[in-house]
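Enquirer: Starting off with a structure, shown below.
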Amino acid sequence: QALPVLFKHWLKNEEVEEGRTAVLRCELTKPSVPVEWRKGDRVLQPSDKYEIRQEGTRVELFIYDAEAQDA
């Protein structure tokens, strides 16, 4: 039976000035596992506002032109 995917490194709170790019990072115990980024109940999709990168076990969310409502 396969082991479950866990977080090796959890997300940390990040502070960024409005208008800048915020980057959230986490690391998983297995590579190339699908990850959903959410804000409340909403699943974030790649767009001009959000970029999602995944390389091996490292997953990153870039939030461009950050605003107070992105918190």
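Just so it is clear, none of the values below were taken in a lab; they were calculated from the coordinates. Treat the numbers as computed from the prediction; the structure is a model and nothing was measured. Here the Cβ is made from the backbone with ideal geometry for all residues, glycine too, and neighbour counts use every protein chain on show.
Enquirer: Starting from 0.36 nm per residue, how many nanometres of slack lie between Val35 and Ser47 once their C-alpha separation is accounted for?
Expert: Once the chain is fully extended between Val35 and Ser47, it gains 2.7 nm.
Enquirer: Please name which of Thr29, Leu3, Gly40 has its Cα lying farthest along the dipole of the chain towards the positive end, using unit charges on Cβ (Lys, Arg +1; Asp, Glu -1) and the Cα centre as origin.
Expert: With unit charges placed on the Cβ atoms, the residue in question is Leu3.
Enquirer: While we're here: Just subtract the alpha-carbon distance of Arg58 and Glu17 from 0.36 nm times their residue separation and send over the number in nm, one decimal.
Expert: 12.3 nm
Enquirer: Near Arg53, within a Cβ-to-Cβ distance under 12 Å, what is the net charge of the other residues, with Lys and Arg +1 and Asp and Glu -1?
Expert: On the way: positive: Arg25, Arg58; negative: Glu51, Glu55, Glu60.
Around Arg53, the surrounding residues sum to -1.
Enquirer: How big is the charge dipole of the chain about its Cα centre, in debye rounded to the nearest 20, if each Lys and Arg gets +1 on its Cβ and each Asp and Glu gets -1 on its Cβ?
Expert: With Lys and Arg at +1 and Asp and Glu at -1, about 460 debye.
Enquirer: Give the lysines whose C-alpha is closer than 16 Å to that of Lys49, dropping any in the same chain fewer than 8 places away, or say none.
Expert: Counting by Cα, and skipping residues close in sequence, Lys49 has these lysines nearby: Lys39.
Enquirer: Whole-Hz ³J(HN,Hα) for each residue in segment 7-15, computed from phi via Karplus 6.51 cos²θ - 1.76 cosθ + 1.60 with θ = phi - 60°, x for glycine and proline: what do you get?
Expert: 8, 7, 10, 7, 4, 10, 5, 10, 10
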